[in-house]
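Just below is one structure, and these are the notes that go with it.
The values are calculated or read from the model by the stated rules, or taken from the named source; none is laboratory data. Just so it is clear, the model here is predicted, and its values are computed rather than measured. Please note: Cβ atoms are built from the backbone with ideal geometry, for glycine as well, and neighbour counts cover all protein chains shown. For the accessible areas, the whole protein counts, side chains as well, though only heavy atoms, and no ligand, DNA or RNA atoms are used. Shrake-Rupley method; radii C 1.70, N 1.55, O 1.52, S 1.80 Å.
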Amino acid sequence: MTQHPTDAADRTDPIRIVCLVALATSHGLIRLAERYLPEFVVAIGSGPIVAGALVSLGLGVAVAASRHSSDADAGPTSDLAPAAAAVASVLVAAVGLLAWAGAPTLDALLGTPLSALGWLAVGIVLLQAWHVRGPVRDLWPTDTRAAAPPSSAVPARDEASIRRGAVDGRRTRTVVGALGLAAAAVFAAAAVASAGGVRTGFVLVAATGAAVALVGAIALGSAGERTSILTARVLGEGLEGSNRDGESEARRNETTTAAPADAESPLGAVSSAASRLPDRRRWAVIGDALVRVALAGSWPFLILLVVEYRSIGLSIGGLSLAPAAVFGLFVLAEAAGAVVGAVAAPALASRLDRRAVLAVGLAVVSLLPMGLVAAPSNAGIVAVLFALLGCRTAIEPLRPTVGESARVAPVPGPRLPDAVGTAVQVAVVPAPLIGGLLYAVDPIFAFTIATTVGLLGVRELGRAFAFGRP
Amino acid sequence: MTRSIGRSNVDHRRLARWHLALALVMGLWGGLDALFLRTALVTPTLGRLTAETYNAFFTTHGLTMLFLFALPAIWGVSYVAVPPLIEADDVAAPTLGAVAFWLQVPAALSIRAGTIGGILGVAGLEPVASGWTLYPPLSVLSANPAVDALLAGLALVAVGTTLTAWTLLRTILREREVRWLEVDTFTWTVLTAAAMSLLAFPVLAATVALVLADRTLATGFLLGGGGPQVWQHLFWFFAHPLVYIVVLPPMGIVSHVLPRFAGRKLFGHRSSVYSTLAIGVVSFTVWAHHMFVTGMSLPVRTVFMLTTLAVALPSSAKLCTWLVTLWGGSIRYTAPMVASLAAVGFFVVGGVTGVFLAVVPINVRYTGTYYVVAHFHLLLAGFVALALVAGVYYWFPLLTDRRLEPGLARLHVWLTVVGVAVTFGALLLVGLAQLPRRVATYPAAYAPLHQLATVGAYVIAAAQAVFLANLARSLWLGDPAPNDPWALESGPSHTREWK
């Protein structure tokens, strides 16, 4: 296995540690702010449709920007570019969080006609810089985005190294991301509880996120002065382990099996790429995509369900926490579940039938929206359901839409063509908006539809696995 | 050479470590106050916080940072550097220095008694909320016993600082082994600040005694008639020189550090010394510019405006020496150098905003606004604190025989620089809009700027966490410092302290 010469020194480098802590914490605070955004939107007088539209806007901008970004990656870049892009993306994200924090009053200060929602939209657009070009964009995302495509070529490694690297890197990313999220969840719960409401609590989370992101940007910039360590690329490798190496290698080996889609319209490219996939592979991708759409359509409204619809509070001894603060603890449970899932993933994949693990896992994920609606108003039970939601990291490596190497995918076939992967990402974009519309009609209706769509996806996956057939 | 107190040996390095440790602890405590009040200002309304609590935060923040952080830090840096710079064996009276230091500990506890009592739930003891200036009648009429404890603490600070100043003054005058012409600029600033302290701090003790007499004996010195104005004259006669006592040694640090990492000798050594002495003298003649809105006559205000503007001249002379020293230099961006350069930048912004405040019509308009907050924090947090950071980093090997991790040190400096710029840049904008200071609520339109300031404050806090990590790492794992830790031996600036 190839060892980078600076690895040993880099891992104990104090600047690197500061970078990792700051960026992982920023990651957590940004994700928490995103989780609280729908409740904040409601608190400033709008409803779930607007919240869904804002989330869809973010997903749409991310898809468009990631396509542009991957095109740019294909061209020649200087050594400085990735580090500068990483610092810039973190700074832009910090500005985005500030736009969120000041959204209700920025018009009064600047004399602009955007309104609070307009500034929230501006913040969302700016935050996509973090998701698309940020140095820790591959940490466990908590939402329904598919993994970012590999962006850098690296020296080839043997197959065992690729597999091992992929597993270790993914687990590291998940655990670091979940730890950042857990820290942010505790902070958010405390902030919302001490502020006495989500309006001030959200501002505190966003402002703190901006501060930590600024620290991360300065730390990255400071590290950039040392040529031997810690350009954004090195940091990326550090967090991502050798996973990217594995994926890149796999991609090089497998792209030969995917025909080019030159001179075709985007829709035609997707159609032809999908038609070239074997039936089972196609069904598996469609099934997984449906589950992603279902989760994307319900995930942003979990906070509304817990805070507005179910009003699940918590009292321990003399301490009473309002539902909005308790939601932070639910996210903490989700992060804990994510760690458990990530740690258990290799064992599950090696000891059990990967197809069964994937199918059962996706079925559980699909049933969770209904479970959250139907569960008793008990914080402990809801926390367990959130933890189960987090446990989906156990099946993430196996999901057909992740673009995983055919070597480790449970469904035989070539690697997912880029056009199909992009189509899945695009399909997810309107889901929050539609989910918001349905939630506005009736939360139970919205979550029932989400579960139904998810189960349809599991059914498609079942076709791909040919369960019950010889 | 060490001299003993009881069983323990005290030398200048130990005195320095004690002072710097106290400054560190109290700086963190005072910084925590600032974080709380900045967090309270994230939203335009108070929420769960009371206005009284907000007032307490800015009162204890100001008192702690000035009396329990800045002063001990300055004396700590002075103790570590001055004896070797003047080739003295040690300080002149280490026992006196030790007594002076140990007076600061009960002083700190007394000054923070309200907070401690509040945390421990001591009945009737609440954090003082009258502002660090303790204007009567608020301070005299307050029923809070923590005010008495605070006044007693300030009296102890006055005694302790006077003794410390005397120790340093005697050291420079009696123990000096170099000729006056060879005395470095930092030592000159310490000499001047110590002499100023001998004049100013007894005035603090006297004014504090007046308030205590009014509170306990109902003497009525400061109540009714012109009493409150008497307090202001006495207080600011002490407190404005205090600003320069706090500013001058950092000026000396910058004058010491800049040439060493610019590969040059300090340009205008004599000019720098004369400007130090001039600032020391003139600073006792400007106190009433803090009172332009108290009803003084126009001729009196004009006189104080002119004397205040006069302070800008020696200050500008110092700036010129720094800039010309840098001109054409071969600059090494070490942590102390980056901190010094940033300090110079903040000195310019903080100084220029101060010049405007000296002008009566502008002062009348802006004195009650965040403009003043931004101005003095740009000087105190931007210039004084960063120059102290430069001094601590530069002389850290002298203090501990170890080296700090240079990457973390630079990161600490950069984070502090950005944090200070963001925080007080935002507050300067708020001040230019004439938003009143010392008020816990504000119009909603200013929320984004206050939030930006809070973000900057959090960055400053993160920077200090990096400093603490570096300090701990260096004390436990740091490499032993070589004799010439900054590789200055072949440079044009003398390196007397490293011999």
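Would a scan of the range B:407-419 turn up a residue that is on the phi > 0 side of the Ramachandran plot and at pLDDT below 95? Within the range B:407-419 (the criterion being on the phi > 0 side of the Ramachandran plot and at pLDDT below 95), the answer is no, since none of the residues qualifies. So which residues in the range B:434-446 are within 12 Å of chain A (Cβ to nearest Cβ) and of a type in the set (Ser, Thr, Tyr)? Correct list: B:442, B:446.
Of the helices (runs of 4 or more DSSP H) lying entirely inside the range B:370-433, those carrying at least 1 residues that are open to solvent by 10 Å² or more (accessible area, probe 1.4 Å) and within 14 Å of chain A (Cβ to nearest Cβ) are B:406-432.
A residue that is over 24 Å from residue B:60 (Cα atoms), open to solvent by less than 40 Å² (accessible area, probe 1.4 Å) and more than 7 Å from chain A (Cβ to nearest Cβ) occurs somewhere in the range B:455-470. Out of everything in the range A:372-429 that is assigned to a loop (DSSP other than H, G, I, E, B) and within 25 Å of residue A:302 (Cα to Cα), what residue ends up being modelled with the highest pLDDT? By that ranking, first place goes to A:429.
If we keep just the residues of the range A:422-470 that are of a type in the set (Phe, Trp, Tyr) and farther than 18 Å from residue A:374 by Cα, which is farthest from the chain's Cα centre (by Cα)? Checking each candidate, the answer is A:467. Against the numbered list (1) within 14 Å of chain A (Cβ to nearest Cβ); (2) without any contact (Cβ under 8 Å) to a residue 40 or more places away in the chain, residue B:32 comes up short only at (1).
For the range A:423-470, what are the residues that are aromatic (Phe, Trp, Tyr) and open to solvent by less than 30 Å² (accessible area, probe 1.4 Å)? Answer for the range A:423-470, where residues must be aromatic (Phe, Trp, Tyr) and open to solvent by less than 30 Å² (accessible area, probe 1.4 Å): A:439, A:447, A:465. Of the numbered criteria (1) surrounded by fewer than 22 Cβ atoms within 10 Å (Cβ to Cβ); (2) in contact with a Gly (Cβ under 8 Å, 6 or more places away or on another chain); (3) in a helix (DSSP H, G or I); (4) not hydroxyl-bearing (Ser, Thr, Tyr), the one residue B:491 fails is (3). Restricting the range B:35-48 to residues that are open to solvent by less than 40 Å² (accessible area, probe 1.4 Å) and more than 22 Å from residue B:467 (Cα to Cα) leaves a set whose member that is farthest from the other protein chains (Cβ to nearest Cβ) is B:37. Considering the range B:49-79, the residues that are within 14 Å of chain A (Cβ to nearest Cβ) and out of contact with any helix residue (DSSP H, G or I) (no Cβ under 7 Å at 6 or more places or on another chain) include one that is surrounded by the most Cβ atoms within 10 Å (Cβ to Cβ), namely B:53.
The set of residues from the range A:350-367 being open to solvent by 10 Å² or more (accessible area, probe 1.4 Å) and in a helix (DSSP H, G or I) comprises A:350, A:351, A:354, A:355, A:356, A:357, A:359, A:360, A:361, A:363, A:364, A:367. Counting the residues of the range B:304-340 that are of a type in the set (Lys, Arg), surrounded by fewer than 23 Cβ atoms within 10 Å (Cβ to Cβ) and under 19 Å from the mean Cα position of the chain (by Cα) gives 0. Residues considered: A:313, A:287, A:318. Of these, the only one that is open to solvent by 10 Å² or more (accessible area, probe 1.4 Å) and closer than 30 Å to residue A:53 by Cβ is A:313. Confirm whether residue A:46 is at pLDDT below 95, touching a Leu at 6+ places or on another chain (Cβ under 9 Å) and not in a helix (DSSP H, G or I). The answer is yes for residue A:46. Pairs are defined by a Cβ separation below 7 Å, a sequence spacing of at least 6 or placement on different chains, a first member in the range B:137-161 that is more than 17 Å from residue B:112 (Cβ to Cβ), and a second member that is surrounded by fewer than 24 Cβ atoms within 10 Å (Cβ to Cβ) and among the hydroxyl-bearing types (Ser, Thr, Tyr); the pairs so defined are B:138/B:130.
Residues in the range B:472-481 that are more than 12 Å from chain A (Cβ to nearest Cβ) and assigned to a helix (DSSP H, G or I) were compared, and the one that is least open to solvent (accessible area, probe 1.4 Å) is B:475.
Scanning the range B:6-18 for residues that are outside any helix (DSSP H, G or I) and either of a type in the set (Asp, Glu) or surrounded by 14 or more Cβ atoms within 10 Å (Cβ to Cβ) (or both), we see that the one that is modelled with the lowest pLDDT is B:10.
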